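Asker: Just passing along the structure, written as structure tokens.
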Amino acid sequence: MKRTLIAGLCALILGAVPAGAQWGPRTIPEPTDGLKDAYKDYFKIGVAVNNRNVADPDQIKVVLREFNSITAENAMKPQPTEPRKGEFNWEDADKIANFCREHGIKMRGHTLMWHSQIGTWMYQDEKGNLLPKEEFYANMKHHIQAIVNRYKDVVYCWDVVNEAVADSPVYPGRPELRNSPMYQIAGEEFIYKAFEYAHEADPDALLFYNDYNDAEPAKSQRIYNLVKRMKDAGVPVDGIGMQAHYNVYGPTMEEVDNAIKLYSTVVKHIHLTELDIRVNEDMGGGLRFNRGAANIADWEKTLQQDQYVNLFKVLRKHKDVIDCVTFWNVSDKDSWLGTNNYPLLFDENYKPKQAYLAVKGFDPKMDNFVIKEDFKPSELNQPGQEYPMVNSQGFARFKVNAPRAKSVIVSLGLGGSGGTVLHKAEDGSWMGTTGGPMDEGFHYYHLTIDGGVFNDPGTHNYYGSTRWESGIEIPAHDADFYAMKNVPHGKVQQVLFWSNSTNQNRVAWVYTPPQYDQSKKKYPVLYLQHGWGENEYAWWNQGHANLIMDNLIAAGKIEPFIIVMTYGMTNEGFRPGQMPRPAARPEGAPAGGPGRPGAAPAGAPGARPAAAPGGQQARPRGGMGMMMNNGFEAVLCDELVPYIDANFRTIAKKDSRAMAGLSMGGMETHTITLARPEMFGWYGLLSGGTYNPDEVKDTGVKGIFVGCGSKEGPDQIRKAAADLQAAGFNAKGYVSEGTAHEFLTWRRCLYEMAPMLFKK
Ligand code: XIL
């Protein structure tokens with residue numbers, strides 16, 4: 001909701017969702033190409049299909065766009081193809097094979113010999129007694145050869161034997177293989193025979209041994225042992241199929257990496273044959289519906305995306321030995337696990353998930369990127385805290401102590417990734433590094449631990465997103481302009497002023513320049529507003545407005561002025577997620593205004609007015625004017641400005657009074673400056689929209705500043721500044737390079753705006 005609201009506001013303010021990664025659109029447009037295209041230099045991308053998938057035009061579209069290898073989910077298994085001895089049923093398998101033939105797609109054949117989905121006639125008589133070995137082998141041979149022969153034009157590889165290795169734990173002295181009826185009849189030899197029969201029927205097909213829990217260290221060793229014995233015995237086995245029924249908590253990527261390395265010492269071909277990643281703790285080949293995960297939270301989606309992204313990174317690293325990665329089903333709707341497990345890259349409506357984009361949109365350069373190990377504690381850490389750390393390339397590294405947690409996610413990350421998932425380190429703490437360099441400057445973040453939201457105890461807190469958040473600072477190349485230096489410093493002091501309209505004391509922070517206390521001089525005043533989720537602390541706490549001013553003044557670049565920062569009531573008139581309604585102003589309310597302190601009428605005690613009393617008739621113009629409904633105009637113009645003029649040495653005149661704001665504070669600035677043209681002579685919108693010449697033509701404005709980050713649609717800023725200049729206004733447009741809707745943009749904007757303000 002929060003992201004949607006902010007994205008909506010940005011879109012309203014800037015006319016477009018910012019191009020920056022932070023608040024990308026949540027709905028993913030229909031892809032024009034597929035996973036198979038993104039991975040064409042790596043391996044085939046396959047999918048297990050049912051009959052509907054190859055009959056329904058919409059599903060066919062997805063299958064053909066995304067995949068270049070197909071497995072029949074069930075249709076080629078022993079029982080479906082030969083339910084009774086000698087009675088073959090080819091209908092379903094043929095449908096899928098013909099679809100593949102028609103579209104020139106080669107198939108993985110799955111599976112010739114399995115203890116499950118197999119007619120009992122294969123290994124026992126009508127009384128239930130196990131067959132003699134010779135009879136069992138004869139059954140196996142005619143079945144395997146019939147099916148291999150039938151599809152040899154379209155099937156390029158077969159999972160010959162499925163799931164024959166025992167699950168963990170296997171106690172010392174016990175067999176390493178599953179105690180299936182086939183094993184009971186023939187021991188390990190039945191596996192060898194199955195491969196020999198298949199090879200006889202199609203010497204060109206690649207033959208695989210396929211199993212689950214394929215990355216679990218103990219079981220992967222047993223799988224390796226089996227295949228090694230087969231190789232040593234001269235059995236025609238070409239590859240190992242890792243089913244890859246994983247979940248968001250495991251296996252670890254180290255385990256996957258180790259398993260692939262181990263398998264690649266015995267076979268030349270490794271396929272992931274049945275990939276899916278459940279959002280719960282179930283794993284493996286057994287069908288255990290988990291119905292507990294129906295409403296998938298964002299943090300679970302992040303865990304899943306992280307697991308998929310990291311898995312594909314490992315797979316790309318091993319592209320020499322991995323030649324096909326098959327998803328077990330097209331979409332969650334088809335999944336053998338049910339939609340509740342949310343296991344695939346396409347949701348139950350066949351729409352790609354964010355994780356799909358992340359898997360597809362990998363950056364090959366990042367696969368071999370070497371992160372410099374020059375991490376230092378972030379400058380915003382609490383005293384003595386080592387983490388979070390930042391390095392010279394802009395990566396951030398986090399460490400969190402949460403010994404019993406199952407998952408820890410940092411809300412900072414790249415692109416639509418939704419954050420950085422931490423992993424358990426050897427010392428039991430959770431650690432992780434962002435997937436790429438972050439934008440320079442300040443970022444808010446928090447931790448999500450097992451779904452609960454917490455601040456990082458390593459850092460100081462900064463009010464944003466309507467709560468105190470953790471903060472991290474990626475050192476900016478131009479950080480000098482807001483650095484705390486040995487120059488004369490002004491003061492930031494808290495003032496409490498009584499507000500009649502809201503019937504309460506309100507807070508403002510007032511920056512007075514160095515020398516203010518020593519002189520008798522009067523100063524101009526800038527009223528500087530924060531954005532939607534922030535409050536009156538933001539501009540000096542994370543914005544460093546005071547340090548920016550001190551440095552500018554010390555460098556002789558500006559005439560000193562006062563800055564007043566108060567809460568813009570951005571979450572007072574309406575709750576987050578509710579879009580504000582147009583202001584309704586009482587007819588004939590008495591006019592307040594500068595120089596007339598006390599002119600504003602008292603609000604009803606205890607009541608929190610939805611509309612601003614006092615002042616002239618509102619003159620909302622266009623979309624942004626319509627947004628303000630929170631009474632802030634009255635507080636600012638009729639209460640705070642008179643208070644400041646009465647209590648500080650200000651030049652209490654329009655031309656010495658400016659208003660500026662970031663994001664929603666820009667909207668407030670836009671609305672209020674236009675509604676009260678007699679009050680403010682200078683306007684500034686920082687990532688907060690634009691003015692057009694027409695709306696300011698009668699205001700008598702002295703100067704207008706518009707700015708934003710290069711990642712948030714800067715063309716509109718450039719155009720607005722040019723239009724204003726062409727219409728004869730004193731206007732400046734500024735674009736902060738390499739930044740998005742964040743505080744480095746606004747620090748820079750203040751630095752660029754300050755020198756133009758209050759110039760005669
Ligand atoms: C599953 C199918 O997806 C289900 O439709 C069927 O009911 C049971 O089998 N390991 C395998 C696959 O090798 O053949 C299984 O497929 C999933 C586990």
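Asker: Looking only at segment 640-688, count how many residues are charged (D, E, K, R) and outside any helix (DSSP H, G or I).
Answerer: 5
Asker: OK, next. Does segment 211-233 contain any residue that is β-branched (V, I, T) and farther than 20 Å from I270 by Cβ?
Answerer: Among the residues of segment 211-233, not one is β-branched (V, I, T) and farther than 20 Å from I270 by Cβ, which makes the answer no.
Quick grid of which residues meet (1) under 30 Å from E216 (Cβ atoms); (2) more than 16 Å from the ligand (Cβ to nearest atom); (3) at pLDDT 95 or above:
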{"position": "E134", "(1), (2), (3)": "no, yes, yes"}
{"position": "K141", "(1), (2), (3)": "no, yes, yes"}
{"position": "A146", "(1), (2), (3)": "no, yes, yes"}
{"position": "V154", "(1), (2), (3)": "no, yes, yes"}
{"position": "N162", "(1), (2), (3)": "yes, no, yes"}
{"position": "R178", "(1), (2), (3)": "yes, no, yes"}
{"position": "P181", "(1), (2), (3)": "yes, yes, yes"}
{"position": "F190", "(1), (2), (3)": "yes, yes, yes"}
{"position": "H199", "(1), (2), (3)": "yes, yes, yes"}
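Asker: From G700, G713, which residue is assigned to a loop (DSSP other than H, G, I, E, B), of a type in the set (G, A, S) and free of Cβ contacts under 8 Å to residues at least 60 places away in the same chain?
Answerer: G700
Asker: Now, a different point. Applying the selection to segment 209-251, what residues are of a type in the set (D, E), closer than 18 Å to H318 by Cα and within 14 Å of the ligand (Cβ to nearest atom)?
Answerer: The one that is of a type in the set (D, E), closer than 18 Å to H318 by Cα and within 14 Å of the ligand (Cβ to nearest atom): D214.
Asker: Any residue in segment 120-132 that is within 15 Å of the ligand (Cβ to nearest atom), open to solvent by less than 30 Å² (accessible area, probe 1.4 Å) and either under 40 Å from the mean Cα position of the chain (by Cα) or at pLDDT 95 or above (or both)?
Answerer: Taking every residue of segment 120-132 in turn, none turns out to be within 15 Å of the ligand (Cβ to nearest atom), open to solvent by less than 30 Å² (accessible area, probe 1.4 Å) and either under 40 Å from the mean Cα position of the chain (by Cα) or at pLDDT 95 or above (or both).
Asker: Still on this model: Restricting the first residue to segment 344-360 and requiring it to be over 25 Å from V314 (Cβ atoms), which pairs with a second residue that is among the small types (G, A, S) and open to solvent by less than 30 Å² (accessible area, probe 1.4 Å) meet a Cβ separation below 8 Å and a spacing of at least six or different chains?
Answerer: Between residues of segment 344-360 that are over 25 Å from V314 (Cβ atoms) and residues that are among the small types (G, A, S) and open to solvent by less than 30 Å² (accessible area, probe 1.4 Å), the close pairs are E348/S331; N349/S331; Y350/S331.
Asker: Here is a further query. Report those helices (runs of 4 or more DSSP H) wholly inside segment 57-116 carrying at least 3 residues which are open to solvent by 10 Å² or more (accessible area, probe 1.4 Å).
Answerer: 57-66, 91-103
Asker: Continuing with the same structure: Taking interchain pairs and intrachain pairs at least six residues apart, which have beta carbon atoms under 8 angstrom, with the first residue in segment 742-760 and in contact (Cβ under 8 Å) with a residue 40 or more places away in the chain and the second β-branched (V, I, T) and open to solvent by 10 Å² or more (accessible area, probe 1.4 Å)?
Answerer: A754/I558; P755/I558; L757/I558
Asker: Taking the residues in segment 686-715 that are farther than 26 Å from H477 by Cα and under 32 Å from the mean Cα position of the chain (by Cα) as candidates, determine which candidate is surrounded by the most Cβ atoms within 10 Å (Cβ to Cβ).
Answerer: Ranking the qualifying residues of segment 686-715, first place goes to G689.
Asker: I'd like to check which strands (runs of 3 or more DSSP E) are fully inside segment 132-249 and have at least 1 residues that are within 30 Å of E300 (Cα to Cα) and among the hydrophobic types (A, V, I, L, M, F, W, C). Step through it out loud before you land on a result.
Answerer: Numbers: elements: 155-162, 206-211, 239-242, 245-247.
Strands (runs of 3 or more DSSP E) meeting the threshold: 239-242.
Asker: Now, a different point. For the condition under 29 Å from the mean Cα position of the chain (by Cα), free of Cβ contacts under 8 Å to residues at least 12 places away in the same chain and either more than 16 Å from the ligand (Cβ to nearest atom) or part of a helix (DSSP H, G or I) (or both), what is the one hit in E254, E281?
Answerer: On the way: E281 fails: free of Cβ contacts under 8 Å to residues at least 12 places away in the same chain.
Result of the check over E254, E281: E254.
Asker: Something else about it: Can you pull out every residue in segment 716-743 that is open to solvent by 10 Å² or more (accessible area, probe 1.4 Å) and either part of a strand (DSSP E or B) or among the basic types (K, R) (or both)?
Answerer: Once the filter is applied, which keeps residues that are open to solvent by 10 Å² or more (accessible area, probe 1.4 Å) and either part of a strand (DSSP E or B) or among the basic types (K, R) (or both), segment 716-743 yields R718, K719, A731, K732, G733, Y734, V735.
Asker: Taking G435 as meeting all but one of (1) modelled with pLDDT of 95 or more; (2) surrounded by 20 or more Cβ atoms within 10 Å (Cβ to Cβ), write down the number of the exception.
Answerer: In the conditions (1) modelled with pLDDT of 95 or more; (2) surrounded by 20 or more Cβ atoms within 10 Å (Cβ to Cβ), G435 misses (1) alone.
The values are calculated or read from the model by the stated rules, or taken from the named source; none is laboratory data. Quantities reported herein were computed from a predicted structural model and do not represent experimental measurements. A quick note on method: Cβ atoms are made from the backbone with ideal geometry, for glycine too, and the neighbour counts reach across all protein chains shown. What goes into the accessible areas is simple: the full protein's heavy atoms, side chains included, and nothing from ligands, DNA or RNA. Shrake-Rupley method; radii C 1.70, N 1.55, O 1.52, S 1.80 Å.
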